[in-house]
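The values are calculated or read from the model by the stated rules, or taken from the named source; none is laboratory data. Keep in mind it's a predicted model, so treat the numbers as computed, not measured. Cβ atoms come from the backbone with ideal geometry, glycine included; neighbour counts cover every protein chain shown. To get the accessible areas, we keep the full protein, side chains included, count just its heavy atoms, and leave off ligands, DNA and RNA. Shrake-Rupley method; radii C 1.70, N 1.55, O 1.52, S 1.80 Å.
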Amino acid sequence: MTPAGGAYDAVIIGGGHNGLVCAAMLGRSGKRVVIVEAASKLGGAATSGEFAPGFTVSSCAHILNQLHPKVSRALDLSRHGLKLSTARMGTIALAPGGRHLTFEGALMVNEAVNGAGEVLSQRDLSSLSRLRRRLLRFAGLLHDFQATVPPRLDATSWRDGLGLARLGWAVRRLGRDDMRELLRIAGSNIADVLNDELDSDLLKGAIGLDAVLGTGLGPRSPNSVFTLLYRLSGRVGGVPGALALPEGGMGAVTDAMAAAAKANRVDIRTACPVKSIVVEEDRAVGVELESGEVIRAHAVVSNADAKTTCLDLLGARHLDTGFVRRVKGIRARGTAAKLHLALDGLPRFSGLEARDLGRRLLIAPSLDYVELAFNPCKYGEYSPAPAMEITIPSIHDTSLAPPGKHVLSAVVQYAPYDLKGGWQAAKDGFMDRIMDILSAYAPDLADRVVARELLTPEDLEQRHRLPGGHWHHGELALDQLYMMRPVAGAAQYAAPVPGLYLCGAGSHPGGGVMGAAGMNAAAQVIKGGKQS
Amino acid sequence: MIQPQPYEVQVLETPFHSRTAELCKTNEWSTWSGYTTPDVYTNMELEYFAARNTATLFDISPMTKYAITGPDAGRYLDRLLTRDMAKVNPGRVAYGLWCNDAGMVIDDGTVFCLGENDYRLCSQERHLPWLLDSAIGYEVAIEDITAGIAAVSLQGPTSCAVLKAMGFVGIEELKPYAHAEFQLGGHPLMISRTGFTGDLGYELWIEPAGAGELWDRLMEGGRLHGIRPLGSKALDMTRIEAGFIQAGVEFFPGDLSTRPDRLRSPFEIGMGWLVDFEKGHFIGRRALLREKQTGSRHALVGLDIAGNKPAHHSFIFQGRNKEVGIVTSALWSPTCKRNIALASLRTPYDKAHGLWADVYVHREQKWERIKAPCRVVDKQFFNPPRRWATPAGDR
Amino acid sequence: MKTYDAIVIGAGHNGLTTAAYLARAGLDVVVVERQPYIGGATASRELYPGFTYSNCSYVCSLMRPEIMRDLELPRHGLQVIPYDGGVTMTRDGGYIAGYRNHDQNRREIARHSVRDAEAYDYFGAEVMRYCRFIKTMLLTTPPDPASFKPRDLFGLLDVARRFHRLGEEWMYDTIRFWTMSCADFLDQFFESDLVKGHKAGSSIIGTALGPYSPGSAYVLLHHYMGEVDGSIGSWGFPRGGMGAIPGALAKSFQAHGGEIRTGSTVEQIIVKGGRAVGVALTGGVEVMGKTVVSNLDAKRTFIESMAASDLPAEFVHRVKNFKIRGSSGKVNIALDGLPDFPAIPAGCPGRAGDMHVSDSMEYLERGYDDWKAGMWSRQPYLDITLPSMTDPTMVPPGKHFMSVFVQYVPPHLADGEWDDAKRAAFGKTVIDKIAEFSPNFKDLILHAEIRTPWDLENEVGLTEGNIFQGELTMDQLMFNRPVPGYAQYRSPVPGLYMCGSSTHPGGGVMGAPGANAAREILRDMRIKT
């Protein structure tokens, strides 16, 4: 199938949020684009799914905090149906004894509510506000660079030189003190930074968990300050670090993106798995579907991860060994499981009122708790006492559950992808551990469960084609970032084979329903088209 | 599966050791890839002249050998090497080299096509990790079989006569860069018309158990044809005359270098003829295409140098005193009667006039410095017709 | 009262290095040392008759050859003897050894993995690239990236230029290496867990990181960038024990008129008119000097030896947050004879090198988990050496001295602070572990000195017993060491300098901080050398 007048300008492999954004952006600039998605519906890891009759939940990513404003503006996502059920989700750090710590807004953004629960000392309050100012400033820097194409270090073109100069200038512009602090803590670990400044274990545990969610790090692992900054780099309605829930679950975001793509004349084909990328004369010229059909295009853009794209779809034979070696070495070992519970009513969390449950609930009572949860994960074992990020989205969005009923969605850490002995045998045991922990905070929860689903990284890999079940298609580690993301030699979205581009979360800046990778890749495709 | 080699001893002996040790009258040995091999058996000059005049035996067992097998073996090698391997059929041998992503040479070597999907790669250095990583996406097995094969190189104008005397019927019909199977004392023996001296010559490959007998039969067969063993020093003289490059001398293996300016592309070591851009993708192709457009930084050239003092490690200058390169190998060629050298020059000085070599000569406890004019010449200094003639002659 | 040109607090190897350089430049210098002996963590003492111990540090590689030459240490008696490879014994009775002979080494690794045997050359080449890059930075003052001074800008430019010279691919590799975990780095080369475990030991020595922690690859490099006579990555024993190093430094210093006062504890650094003018010793004696140089770690210098009012509050805050975590212990043993290690075959030189018992990455990482939980590693990493096999002058004939470095040992235990009983229990863990691999070992013990972080702090003066005077993590290296903005050996107080391992390029018996500090001091004094 080709559009009237010959080949497509671009074929996009995969209709995840980045693929959709890339397609829509290309369509907007007048390109003829087709998306081919293997699954029967679009969305990739940003989908909503009915896991029990009448109960719908965001099946992987469950909080919208990083959708890049440039993306939502350019695609006018609100016009295409994206509504937020809440844009100011609060956070509660749960304490085993019930003296919880409540934040009106996001953890690092709004002031803590000093009510019945944990009371922060004056010292903690002032340290927190100092720390917050700095971290948000650094996160803002990150935010700005997320919407840019990383330069190459061997700056042979003026663009690369300018890119490097911009980076240097942005860091310098922080001023002497903040610059020094950034250069110090960028490689530091969140436990040290928090222990240096704060006293409250509950507060530190909560921030620590935010830093390591979705990563293969513990709070004491260097690199965990960066991952916190990454999380804080998002903006909701201009508020940095804020958390939101989309109405209808995460699928609503990709639905809006798909609508924007369609409005820009993008053809969308689902249930069309790609068998291979077609290369002629050392140039990617289209894709061959499992069905045998060939779709030709001037550019092939892959929303799949680099490993799948380069090694499976393209094939190492079109690549050089050093590059293949780097691609094969991309670390993408998921550590987060996803828990979905269908509830016949709101559970009672000791120490919390029903109205509090609309906030995000964190089970990370101390840094040591999170670190101890992390330890077994290193050896391919799950945490006996996992840390959790819990939401009950049905409080904000009644469409998700039958009247009076609710859904609970939680990220559970740590559950290593490569569990020793395999997940098949261990899943029930892990589920029991999770329920034990939850019941300690919400004694009646177990009785309210009418259906449940636990998705291990292995499940996430299968369902959403996430390599290793990793949210970001690759660990957000300092050695896998920016001009090294997904690997050096493909960090400017163009793969070594001319005409092939990568637009997924594995590319700069990474995942998290941000859309920046797709947007940046689109810019490169347009630029590449002009050159050839 | 080849048994792991012993690790308790520092230096290994080749399967020919009992024979070579007996013949090595100078007791001058060097270690080559972990094996001890003679530098000189009796006299370097006489061994050299035997290689150019009669026949010589050189123990090449330490050479690294990899078995490359499997349904994708041919396609694998075609992507690995810069030359078109589709043209290399069973019974043929191909000289080639392979590069890293940046188009910089990792090593050169010979590939023996033993059958469909069955190849043997022989090289100076070891590269298993690179070979294995290059096999990602290919159905191919790669195994180091160095210790499982004894090999000896029979080189020189009478080498074919030696083999005929041993009873290898039809050996004269074997073409250059071809190989054939024979039997010797119950062991399969492969003979290939290959070598490192630039003359008529053969390499003989046998399992280690047959090595002693092979050596004895060769010496016996060569008795009337002037055969004598060849040490590494005399071999090096012949290979320079032939204009052959050597890893670690003319170029440094790209995967082990720690200095980026030491890397060389095939074009930069005079091996551009081995690069086939038309055959499809191979490792380093895109980088080499760019180099083709933008130009190379270096060139490996042959030099004809005035005087008769070998320009070992000499710097090459142009004009008054502009340093433009360095000699990698040098020799007074007794056969060509020329003072020759291989040199790596910065471009475009490979095309320049007014080159001279800074030659240091040690004369009776005193170093003297000679500014020897030189000019760029074809680096195949020695290339006799008998090397290429089929059927091969007896002299 | 006499006013010295410079007072150096602490006669560790860095303090003596600074002192010797200053004395050579013609300054009148005194070194004040708390202990009755010199050397700090590079000391050798006779704790059992006839045995010279290397009480803390125990092997030498990092000592910069430039310093040995400048200070004429060989003339003053220093001789460093390299040793052949080491060996790691496995729990199932096997072993992997290292050999200097390249091909023998390859064949040895090939017993465990043929691929790894050849990958070892790739590993070596890559580590060498980073060594070459970092080597030139060791004896330079780190430029401050936040400064606009021409000197800093040129310094940065120089680093950038040298970095750029690596070529594009190696630039990315270098950045990646700097931030990677040791495990991820080794995974790029090796498949055998034993080979990895054998190589990974260097990445955890003295460090409160596990081999799986990002940043630990650098620590590996830190132990590779030394050399013995130009052979990079090679280690050796100083003849006469580690004390031979401070011994030679002291002689070099004294040959230029330097004065060493042992048994003199500094109570406080005296600041007058915003300038460091001297030190007050225990017992009321004051020593005055135009310059005060501290070999102590940053916390001992600024928190414990100074009045907070003499320093900017922000600086004090930062010094308090400088991470100096104790993670190592040491057991020094006088032996009646040579212990058997049945796993190591006769003729294997590993016995005379460094011996290990950590046979996998997980072994090492689990040791770290124990440390995090406030326990010494139940299965510790041991770096066992028998220097007396190389240097028989250290012991009576036929006897041996064994130095056992132990990782991980926490400075504070979860079940209460260190005491004599816990120290003994720790020693037992180590000795039992060695005895698992050496049946006659226990019977040969004549005397054992067991040193926990607590002992290292009390005796040697290392905060928390950290052997590097500060963690070697990304946030504490180069221009961040010890505190951003104060990485050029100067302190906020004019006249007060730092010369210990708390400063760039960090710990190890390297001498580079001492030499760099001396250069900066002379620069401030406008003395050309």
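General observations
- Rounded to the nearest 500, the helix-only mean residue ellipticity at 222 nm of chain A stands at -10500 deg cm²/dmol, with each DSSP H run of n ≥ 4 adding -39,500 (n - 2.57).
- Between helix A:516-531 and chain A: long-axis angle, C-alpha atoms, 0 to 90°, nearest 10: 10
- Under the Debye formula (equal points on every Cα, no solvent term), log10 I(q)/I(0) of the stretch C:1-111 at q = 0.12, 0.23 Å⁻¹: -0.66, -1.30
- When the surface is traced with a 1.4 Å probe over the full set of protein chains, residue C:149 keeps roughly 130 Å² accessible.
- Model label zone, residue A:399; criterion: amide N under 14 Å from point 7 Å along Cα-to-beta-carbon; scope the stretch A:56-99: A:56-58, A:78-86
- For the pair B and C, the buried accessible area comes to roughly 2200 Å² in total, with a 1.4 Å probe and the value rounded to the nearest 100.
- Cα convex hull of the stretch C:294-441 - mean projected area over all directions, nm²: 12.2
- Heavy-atom accessible area with a 1.4 Å probe sorts B:360, C:95, largest first, into B:360, C:95.
- Cβ-Cβ distance of residue B:220 and residue B:323, R₀ of 41 Å, FRET efficiency by 1/(1 + (r/R0)^6): the value works out to about 0.15.
- Helix axis angle, C:13-24 relative to chain C longest principal axis, alpha carbon, degrees: 40
- Rolling a 1.4 Å probe over the protein heavy atoms leaves residue C:468 with an accessible area of roughly 10 Å².
- Residues of the stretch C:413-439 with an amide N closer than 15 Å to a point placed 7 Å from the Cα of residue C:91 along the Cα-to-Cβ direction: C:433-434, C:436-437.
- Accessible surface of the stretch B:297-387, 1.4 Å probe, proportion on carbon and sulfur as whole %: 52
- Distance in nm between pseudo-label sites at residue A:263 and residue C:149 (7 Å out along the Cβ direction from Cα): 5.7
- Computed on protein heavy atoms with a 1.4 Å probe, the accessible areas place B:42, C:503 in the order B:42, C:503, largest first.
- Here the sum of -39500 (n - 2.57) over DSSP H runs of 4 or more residues, divided by the residues of chain C, equals -9500 deg cm²/dmol at 222 nm, to the nearest 500.
- Between residue A:85 and A:245, A:247, the built amide H atoms are under 5 Å apart, and every one of these is 5 or more places off in sequence or on another chain.
- Note on residue B:308 and residue A:144: the model spin-label points, each 7 Å out from Cα along the C-beta direction, lie 7.5 nm apart.
- Using a Förster distance of 45 Å, the FRET efficiency for residue B:375-residue B:143 (Cβ separation, nearest 0.05): 0.45
- Computed label-point distance, nm, for sites residue B:336 and residue B:277 using a 7 Å Cα→Cβ extension: 3.0
- Between helix A:122-146 and chain A there is an angle of about 10 degrees, using the helix long axis and the longest principal axis of the Cα atoms.
- C:178, B:388, B:332, reordered so the largest accessible area comes first (probe 1.4 Å): B:388, B:332, C:178
- Area of residue B:351 that stays accessible when all protein chains are in place (1.4 Å probe, Å², to 10): 150
- Taking 29 Å as the limit for the C-alpha separation, the pairs A:378/C:442; A:41/A:83; C:399/C:428; A:307/A:378; A:427/C:323; A:275/B:292 exceed it in the case of A:378/C:442; A:427/C:323; A:275/B:292.
- Mean ellipticity per residue at 222 nm, deg cm²/dmol - from DSSP H runs of n ≥ 4 across chain B, formula -39500 (n - 2.57): -5000 deg cm²/dmol
- Nearest-0.05 FRET efficiency for residue A:446 and residue A:122, computed from C-beta distance (R0 35 Å): 0.30
- Listed pairs B:87/B:175; B:175/B:379; C:330/C:433; C:272/C:299 exceeding 19 Å between Cα atoms: B:175/B:379; C:272/C:299
- Stretch gain in nm, segment residue C:447-residue C:140, where the contour uses 0.36 nm per residue and the Cα spacing is subtracted: 106.3 nm
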